Every structure is written in structure tokens, then in C-alpha cells.
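The structure under discussion appears below in the form of C-alpha cells.
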Amino acid sequence: MERAMNQESRVLFTDKEEEFLNLLIRVGTRKAVAQLLVFLAKKPKATSLEIERGTDLRQPEVSIAIKYLAGQGWIKSKDIPSEKKGRPMKKYSLAVPFRNIITAIEKAKKNDVNTKLALVGKMRTYI
């Protein structure tokens, strides 16, 4: 499915990718992070500008999502020398296989559920 978000950018997620994106969001992944993950699953290496255009996220949203993914150890960057003066650009790619990311999300959700169930059990002792 292809849809125009504005004149400059296009989100090119297929129906299957949209469904995957929605599943990530439904399990609690922030939307920008989910979009970035789905985008990098499709395009293994991308600059932040390519990510912005391919996900219709603004630069600050891309930066926040990249910072979160880097903190999880799920994304890596490589400097690309600039032909002009200024900051070098970076290319981003997944640092681990996507299956490992899903496993980490699953583990975190299980831990969260177990913690909440333990709290409910503790509440029962007060009654």
C-alpha cells in the first residue's frame, strides 16, 4: 500500500508491513520506534534523511527513536564522509537480527506481566 503523506515524503509500507507496525504498537512499542524498525527491516541501511522520508517522521522523532534503539543495542551507525564541509552523515542499520529484537520485546513484556501479577498477589494479602 502506498500513500502520500505530503508532497515531499511518501510512506511505502505494504499492507503486511502496516499490520506488523500495528502489532508492534499494540504491544507497547512507541510509534516512531515501530516505524523505524519496520523501515529498517525493509531497507537494511539508511540515512536519517531517508528514514524521515520513508516513515514520514520529523527529524526530532527520528533522532529520539534512533537514540532509544541504540540504547537497546538494536541499531548501529556508520559515518559516511561528506563531500562538502560540515558534519558527516550516518548510515543506520540493525545491529542484531530482527528475530532477536522480537525475542527481547517478548521477554520484556513477560517480565512486565509477571511483575504486575506479583503486585496483584501482594494486594490480595491486604484483604
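Every number in this text was worked out from the coordinates using simple rules, so none of it is lab data. Just so we're clear, the structure is a prediction, and the values are computed from it rather than from any experiment. Backbone-built Cβ (ideal geometry, glycine too); neighbour counts: all protein chains shown.
In terms of other Cβ atoms within 10 Å, Arg30, Arg124 run from fewest to most in the order Arg124, Arg30. Using a cut-off of 23 Å between alpha-carbon atoms, which lysines can reach Lys78, once sequence neighbours fewer than 8 places away in the same chain are excluded? Within reach: Lys42, Lys43, Lys45, Lys67, Lys90, Lys91. By other beta-carbon atoms within 10 Å, ranking Ile51, Ile25, Ile127, Ile80 with the fewest at the front produces Ile127, Ile80, Ile25, Ile51. Backbone amide hydrogens, once placed in the peptide plane, bring Met89 within less than 5 Å of Ile80, Ser82, excluding anything fewer than 5 places away on its chain. Modelled label positions at Val120 and Lys43, each set 7 Å beyond Cα in the direction of Cβ, lie 4.3 nm from each other. Within a straight-line Cα-Cα reach of under 21 Å, Lys116 can be paired with the following lysines, leaving aside sequence neighbours fewer than 8 residues apart in one chain: Lys107.
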